[in-house]
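Right, one structure below, let's go through it.
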Amino acid sequence: SLDFWRLLYTLLKQIHGGKWTEADAIDNQIRFVKSALWYHGYGRPELYRLPSDGSAGSRELLLAFSWLLHRLSLLEQLLSRNRVKTGDETSVCTCEDDLPNNQEGTTEIAPEYGLEDRVDVRYLQWLNGRLRFQWRSLHAQHQEQCKLLHKIHLFSSGSHMDQILGHFSVTETDLVRQPDNYKQLLQLMESETMQLEAFLEWKQLEPVYWQWMETVLDNMAEEGNMCKSQDTHVEKSELPKVTLCCPWADSLTGQIDRLSRDLMTLHDQLHELVTRRKAAWCEKVKTREEELQKERFCATARKIQESVELKLLDLTNLCAPKKNKMHGSCRLVFRSKHPASKTGFGRSVSKEPVSAVSATEVIRELQMRAASLERELKQLQEECRQRLGEIAEGLDGVICVSP
């Protein structure tokens, strides 16, 4: 189990982009693994009850590892992150930013905080300002990186053997300046080749692994049923043993039976009373809802009209023929302004024409998406203002000034 904890720690650290060392304390490693699994939505409580010294839980860790393989595509992610990048790449995403499937169940086991854990709004404003500052700094650094990449691509234009590319990348430029570094690059590529060969071997044996995991799950289910049956058997057998040993147990059992019957009678009476009260309250609520519907019909109709208008603004985009949304890393390729080549991002490198997308096309799609989100934001802000106005009307002695 200790080796299994370390394995999960190493793999999850690589996925989350953090540095890991073998010198980390085992309790810190276990704490990180549990928090990472909770973040990804692993909801089996038995794992989080395991001791922090790593002395037990090998089968629970096996289940968690298998869940990561199936739910997160663990091996594919590791191969993608450890890939040797010889070209200049950037991430391009034109997909809708929906909630990923692997985070749907994280809110079910999230801890609940009470009123004592409220945070001052000024601290949240400070965090928001700090986040904006960091975002601007990151954007400025990204712009500087693009300028340097453009210089390298422009100055090395026409020097590459592949005429489709026509220029060197940062890695290739560094190899031209320092030829001795090719040995390190060759070692990295050989290591990546070994990983790919191991992955292909795993894909051939993967069905055997999942068949074995099915037997593990069946055994755990059988053990769980046996434990439950033993517990119920002990509970049922305790009372007869006591009655045999204690002569006064018969009278006590009779009193318990009478109390049970009285409790059942009270339960039925309470259930009948609750049913009548509930029916009365439902009738009152229904009457009140009819009154509120008459009062707020105009406001509701106005909100529906605004929502329909907002949806109609995006109707042209929805009715247009759907394009293949790009997602992932693409190689940056410099293109001159002559008509023969106008594309800006190339997905592959070959002597055939590459499937590419221009930077202007990506910018146009992102601008349309930003305009749609801005319209939705304005609608939500207006709804919040109306809601705050309704709340302010019920406060005595308070004057609210809109920003």
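The values are calculated or read from the model by the stated rules, or taken from the named source; none is laboratory data. Worth saying up front: this structure is predicted, and the values here are computed from it rather than measured. Cβ coordinates were reconstructed from backbone atoms using ideal geometry, including for glycine residues, and neighbour counts include every protein chain displayed. To get the accessible areas, we keep the full protein, side chains included, count just its heavy atoms, and leave off ligands, DNA and RNA. Shrake-Rupley method; radii C 1.70, N 1.55, O 1.52, S 1.80 Å.
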Rough spin-label spacing in nm, given labels placed 7 Å along Cα→Cβ, for Arg31 and Ala279 = 5.8
Ser358 label point, 7 Å along Cα→Cβ, cut-off 11 Å on backbone N: hits in segment 131-163?
-> none
If you look at just the Cα atoms of segment 1-82, how large are its Rg and its Dmax in Å?
-> 11.9, 33
Just reorder His139, His271, His153 by solvent-accessible area, largest first, 1.4 Å probe, all chains present.
-> His271, His139, His153
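So if R0 is 22 Å, what FRET efficiency would Val121 and Ile399 give, r being the distance between their Cβ atoms, rounded to the nearest 0.05?
Efficiency, rounded to the nearest 0.05: 0.70.
DSSP loop chymotrypsin sites (Phe, Trp or Tyr not before Pro) in segment 1-86 with at most 11 other Cβ atoms within 10 Å of their Cβ, which ones?
Those that pass, being in a loop and sparsely packed, number zero.
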What FRET efficiency comes out for the pair Leu62/Met194, r = Cβ-Cβ distance, R0 = 25 Å, nearest 0.05?
-> 0.50
Residue order for Asp88, Asp262 - accessible surface, 1.4 angstrom probe, largest first = Asp262, Asp88
Identify, among Leu8, Leu74, Pro51, the residue whose Cα sits farthest towards the positive end of the charge dipole of segment 1-82, taking +1 on the Cβ of Lys and Arg and -1 on the Cβ of Asp and Glu, with the dipole about the Cα centre.
-> Leu74
Please work out the FRET efficiency for the pair Gln379 and Gln77, using the Cβ-Cβ distance as r and a Förster radius of 45 Å; give the result to the nearest 0.05.
-> 0.75
Treat each spin label as a single point 7 Å out from the Cα along the C-beta direction, and report the Arg177 to Arg288 distance in nm.
-> 7.3
